[in-house]
Amino acid sequence: MPKAKKKPSRVDEWHLHEAMDRTAVLQHMVESYLAEHESVEGVPEAAAKIRRAADLIAEAYQIIGGVRYAVAEHSAASSKARSGRKPKARRKAK
């Protein structure tokens, strides 16, 4: 079966917000359902790797948040620059 062509990606602030949300959910799941599970706590080597995974997910969240902030700042600056145009002259009422 032929592969469908992917559309060009335009990552915007909303996409990054979604990525942050999903990263936070995943981190919570790893911590709550794995790291704190009593059977995993009984296997120190596995518990350490799971905690490390949660830490890496938290770091990814921070990185995505930094990019989202930069995109938002750029977007705000672009909007401000576009709105800096002189308004059209209004007609005087008769």
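Label points 7 Å out from Cα along the Cβ direction at residue 25 and residue 77: separation in nm?
Result for the modelled spin labels: 3.3 nm.
Relative to a virtual label point 7 Å from the Cα of residue 36 in the Cα→beta-carbon direction, which members of the range 48-68 show backbone nitrogen distances below 19 Å?
The answer is 48-59.
So if each residue of separation counts as 0.36 nm, and I subtract the Cα-Cα distance between residue 67 and residue 46, what length gain in nm does that give?
This chain segment gains 4.4 nm when fully extended.
Find, among the trypsin sites (Lys or Arg not before Pro) in the range 1-76, those assigned to loop by DSSP (not H, G, I, E, B) with at most 10 other beta-carbon atoms within 10 angstrom.
3, 5, 6, 10
Using the Karplus equation 6.51 cos²θ - 1.76 cosθ + 1.60 (θ = phi - 60°), what ³J(HN,Hα) coupling, rounded to whole Hz, does each residue of the range 35-50 give in order, writing x for Gly and Pro?
Running phi through 6.51 cos²θ - 1.76 cosθ + 1.60 with θ = phi - 60° gives 4, 8, 6, 4, 6, 6, 4, x, 10, x, 5, 5, 4, 5, 5, 5 Hz.
Taken together, the values in this text are just the output of simple stated rules run on the coordinates, not laboratory data. Every value quoted in this text rests on a predicted model; they were computed, and no experiment measured them. Every residue, glycine as well, gets a Cβ built from its backbone with ideal geometry; the counts of neighbours run over all protein chains shown.
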